[in-house]
Amino acid sequence: MEIFRQIALGQIPRILGFQDRNPKSRTYGCFDRFYWHYKLHDMSNAGFQEASLTLAIIYKNSFPENIYYKNNKTKDWLKAAVKFWLKLRNFGGSFNEVYPYERSYCATSFSTYANTEAILLAKLKLDTKRIAKIGKWLTNNNNPSLSNQMAASAIALQNIYLITKKDLFKEAAEQKIKEIIKMQDQSGYYPEYGGFDIGYQTITLSCLTHYYLKTKDTELYKSLKKGTKFLDGKIKSNGTYDNSKTSRKTQYIFPFGLVVLKSPVIGKMITGLENNEVVNPTWMDDRYCIHLTTNYLQAYLSDKNVHESN
Amino acid sequence: MYMSPIKLILFRVYTLTLGRFPFFSKLLKKHLTKQLIENKKERYVASSKFFELKDLEAKLK
């Protein structure tokens, strides 16, 4: 699993460079350089603020070559990132990714998961009322065509419950999990526009695994096992796969869920990463390298923690 | 369909006026999803089309 650590750590200076790190700036904490630095965009994409979780992970976890561990600057930048994310919230509790007043289910689900996870991990003290409003929006909205977004909203709601202690968010998360399990195909895939997609399957598995680790939901565990098994035989020995028949043509693998669920796919993926044959954060654009880097760190740490506790 | 300055202005006028109301925002999202994803032979996916080694060997369609 060392390869996940090496690749992810190599991306941290790049990701920190996305952030406005000037405390006197109006956009302090913003990770969207097109907005705060180039000034080419008229709004900041909330998706970039998922980097809060990357910062929280490197700030809170001691591991080889992690120079950011317990570094005060890292903590300041983390707080600024979460605060800027909260500033981007629409009146009703949603967030925008592409255009003003978009109310994006995707950006709201994923950025809320990342930022609430960062809040919990770094034990940040923030206004819980504002976070509850996001929870209410997620409770009242769905996107059943896309399992990965439903899974992200479920773990986001679970985190909001842990922050606000309001049962309604726990119940909303449980409801979404039930819907996802119901949507799962007999063969094990979680549908994306009616079909299977390997990259999104691994994102869904990662989100659901985070939820499982927090709740120990036994029904979900069975679903996760089925979802992991679905990938067996579809991944080549170097971790790549044929995406010509998949519903969304993604090319990557998010490893966290597969590491926790002990999928044989991880061994193949490591071989491919060691030979630099697999799409990984270093090959991706600024927007998506954040998401995958965070997942690599989570994959590395979950494996490290298992070994340390044995 | 590519974005152009005129299209962008019209798009922004819509999002900043009618788009403020959830009904019209949802309507726009539904339209865009249909146009860019559901009705397309090759669906738009933001996190796709990264370089892969097999691209070096693949014949252009």
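Along the stretch A:243-249 the Karplus relation, 6.51 cos²θ - 1.76 cosθ + 1.60 evaluated at θ = phi - 60°, assigns HN-Hα couplings of 9, 5, 9, 7, 6, 10, 6 Hz to successive residues, with x for each Gly and Pro. Using a Gaussian network model of chain A in which every pair of alpha carbons under 10 angstrom is joined by a spring, one finds that among A:109, A:62, A:223 the greatest mean-square fluctuation is at A:62. Peptide B:26-32 has a mean of 2 when you count, residue by residue, the C-beta atoms of other protein chains within 10 Å of its C-beta. When the P(r) is computed for the stretch A:183-250, the part past 20 Å accounts for 27% of the Cα-Cα pairs.
FRET efficiency for the pair residue A:125 and residue B:57, taken as 1/(1 + (r/R0)^6) with r the Cβ-Cβ distance and R0 = 51 Å, rounds to 0.40. Applying a DSSP loop filter and a limit of 16 other Cβ atoms within 10 Å to the GluC sites (Glu not before Pro) in the stretch A:1-108 leaves A:65. FRET efficiency for the pair residue A:167 and residue B:35, taken as 1/(1 + (r/R0)^6) with r the Cβ-Cβ distance and R0 = 30 Å, rounds to 0.15.
Cα centroids of the stretch A:245-310 and the stretch A:77-142: how far apart, whole angstrom? With the stretch A:245-310 and the stretch A:77-142 each reduced to a Cα centre, they are spaced 25 Å. Over the stretch B:5-51, the ratio between the Cα radius of gyration and 2.2 N^0.38 Å evaluates to 1.38.
Backbone geometry of the stretch A:133-142 corresponds, through the Karplus equation with coefficients 6.51, -1.76 and 1.60 at θ = phi - 60°, to 3J(HN,Hα) couplings of 5, 5, x, 5, 5, 5, 4, 8, 10, 8 Hz, x marking Gly and Pro. Scattering from the stretch A:88-228 was approximated by placing one identical point on each alpha carbon and applying the Debye formula without solvent; log10 I(q)/I(0) at 0.20, 0.21 1/Å stands at -1.16, -1.26. Among the trypsin sites (Lys or Arg not before Pro) in the stretch A:136-184, those placed in a DSSP loop whose Cβ has at most 11 other Cβ atoms within 10 Å are A:165. Peptide A:98-108 is shielded by partner chain Cβ atoms: per residue, an average of 4 of them sit within 10 Å of its Cβ. Across chain A, C-alpha contacts under 8 Å between residues 6 or more apart give a mean separation that, scaled by the residue count, equals a relative contact order of 17 percent. Using a Gaussian network model of chain A whose springs link C-alpha atoms within less than 10 Å, name the residue from A:14, A:89, A:103 with the highest mean-square fluctuation. Of A:14, A:89, A:103, the most mobile in the Gaussian network model is A:14. Highest GNM mean-square fluctuation among A:210, A:37, A:291, for chain A modelled with Cα contacts below 10 Å: A:37.
Would you mind pulling out the separation of the Cα centroids of the stretch A:183-204 and the stretch A:1-45, in Å? If we compute the Cα centre of each part, the gap is 31 Å.
Averaged over the residues of peptide B:38-51, the number of Cβ atoms from other protein chains lying within 10 Å of each residue's Cβ is 5. Each label was represented as a point 7 Å from its Cα along the Cα-to-Cβ direction; for residue A:262 and residue A:72 these points are 4.5 nm apart. Counting Cα-Cα pairs of the stretch A:124-207 in 10 Å increments starting at 0 gives whole-percent bin shares of 19, 47, 25, 9, 0.
Seen through its C-alpha gyration tensor, with square-root eigenvalues sorted a ≥ b ≥ c, the stretch A:175-310 comes out oblate because a/c lies at 1.5 or above while a/b is not bigger than b/c. Within the stretch A:39-134, the chymotrypsin sites (Phe, Trp or Tyr not before Pro) that combine a DSSP coil assignment with at most 15 other C-beta atoms in a 10 angstrom radius are A:69, A:91. Dividing the C-alpha radius of gyration of the protein assembly as shown by 2.2 N^0.38 Å, with N its residue count, gives 0.95. Computed 3J(HN,Hα) for the stretch A:181-195, one whole-Hz value per residue from the Karplus formula 6.51 cos²θ - 1.76 cosθ + 1.60 where θ = phi - 60°, is 4, 5, 6, 4, 6, 3, 6, x, 7, 9, x, 10, 6, x, x, glycine and proline marked x.
None of the figures in this text is laboratory data; all of them are computed from the coordinates on show. Here the structure is a predicted model, which means the values were calculated and not measured. No Cβ is skipped: glycine too gets one built from the backbone with ideal geometry, and neighbour counts run over all protein chains shown.
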